[in-house]
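**Q** One structure, pasted below without further comment.
Read-outs throughout are calculated quantities, based only on the coordinates presented, and are distinct from any laboratory measurement. Please read these numbers as outputs of a predicted model, since none were measured by experiment. FYI the Cβ positions are ideal-geometry reconstructions off the backbone, even for glycines, and counts take in every protein chain you see.
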Amino acid sequence: MPWDPKRYEQFKAERYQPFEDLVGLTNVRDGLSVIDLGCGTGELTSRLAEALPGSDVLGVDSSPQMLEAASKLAREGLRFALCPIEDVKGEFDLIFSNAALQWVEEHDSLFAHLLSQLRPGGQLVVQMPSNFGHDTHTIILEVAASEPFREGLGGFAWDPQVLSIEAYAALLFANGASDITCFEKVYPHVLPDADALADWMSGTALVPYMERLPEELQQPFMERYRERLRERFPASPTFFGFRRTLLAATRPE
């Protein structure tokens, strides 16, 4: 089951809020060399380019489906390329990533690598979900650990590598960064019901499970997941407090 741009964009209004906060942490200057890691459908990369006049903005993603949607937004100063985040190399004034680095392992080495790709005075600005203890995630693990899904998944369970904000601050400092900002923020979303929670998760955290499950087990997995969510979140509308980590740091001149 590949990434589905339409499914991901279903809750784009809610997903835009942390993006705007991230842009607020960015040192806006003219004529920057910018890379957006995990650009997805490109819509937010386009908005980032609009906020950075005269800059050269490159959006990269590892999903051909997402890049097919993003390519329609390409224009002068805005381009897109297929590239895993771990393989990014270059010299940039701004490395920007909104809700993508949680998919990459070994953050100690990842962040050291990203800082090394900054020009002196360049900035790293990142947002990642940090709500992996929320019931929407723990129920996925419980369903995945039950049969027949455990066998169908080969025992797979996604283990996000997101660290604490204290750990990121220390990591950035240890790699020579300055002007360090690290904080968590809870974004209060109100969704129609538990099924909307399932729809939200099907566009993100459930993707690696659906990719691995045999086709005949995908619908039963979703049905069991929806059932468990309805038990846990019977109210309509349903409150979804989404915790995210935001950070910014500069490579000294």
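**Q** Set Lys and Arg Cβ to +1 and Asp and Glu Cβ to -1, take the dipole of region 5-250 about its Cα centre, and tell me which of Ala13, Gly40, Val57 lies farthest positive.
**A** Of the listed residues, the answer is Ala13.
**Q** Dipole of the chain (Lys/Arg Cβ +1, Asp/Glu Cβ -1, origin at the Cα centre): which of Ala205, Val186, Cys83 lies farthest to the positive side?
**A** Final value for the positive-end residue is Val186.
**Q** Follow-up question, since we're still on this one. Between Gln161 and Arg230, what FRET efficiency comes out of the Förster formula 1/(1 + (r/R0)^6) with R0 = 30 Å and r the beta carbon distance, rounded to 0.05?
**A** On the way: r = 30 Å, r/R0 = 1.01.
In this case the efficiency is close to 0.50.
**Q** Treating only the Cα positions of region 5-250 as identical point scatterers, give the base-10 log of I(q)/I(0) from the Debye formula at each q in 0.09, 0.17 Å⁻¹.
**A** -0.41, -1.32
**Q** Same structure again: Using +1 on the beta carbon of Lys and Arg, -1 on that of Asp and Glu, and nothing else charged, what's the dipole of the chain about the Cα centre, debye to 20?
**A** On the way: 22 positive and 38 negative charges, 77 e Å.
Here the size comes out at about 380 debye.
**Q** I need Ile85, Ile165 ordered by Cβ neighbour count within 10 Å, fewest first.
**A** Working: Ile85 19, Ile165 16.
So the residues, fewest neighbours to most, are Ile165, Ile85.
**Q** Once fully extended, how much extra length lies between Glu184 and Gln117, figured as 0.36 nm per residue of separation less the alpha-carbon to alpha-carbon distance?
**A** Working: separation 67, 0.36 × 67 = 24.12 nm, distance 2.52 nm.
In short, 21.6 nm is gained.
**Q** If you don't mind, another one. Could you please report the charge total around Gln127, scoring K, R as +1 and D, E as -1 over all other residues with beta-carbon less than 12 angstrom from its beta-carbon?
**A** On the way: positive: Arg15, Lys185, Arg243, Arg244; negative: Glu20, Asp21, Asp36, Glu184.
Value of the local net charge: 0.
**Q** Next question. For a footprinting-style exposure proxy, rank Thr138, Thr45 by other Cβ within 10 Å, fewest first. If you can, show how the numbers build up before the last one.
**A** On the way: Thr138 13, Thr45 29.
Taking fewest neighbouring Cβ atoms as first place, the list is Thr138, Thr45.
**Q** Here's a follow-up. Test of the criteria: in region 74-156, which GluC sites (Glu not before Pro) are in a DSSP loop and have at most 14 other Cβ atoms within 10 angstrom of their Cβ? Write down the numbers at each step before the final one.
**A** Values: sites: Glu76, Glu86, Glu91, Glu105, Glu106, Glu142, Glu151; in loops: Glu76, Glu91, Glu105, Glu106.
For GluC sites (Glu not before Pro) across region 74-156 that sit outside H, G, I, E and B with at most 14 neighbouring Cβ atoms in 10 Å, the list reads Glu76, Glu91, Glu105, Glu106.
**Q** Å³ per residue of the Cα convex hull, for region 19-152? Intermediate values should be presented prior to the final figure.
**A** Numbers: hull volume 17.3 nm³, N = 134.
Each residue corresponds to 129 Å³ of Cα convex hull volume.
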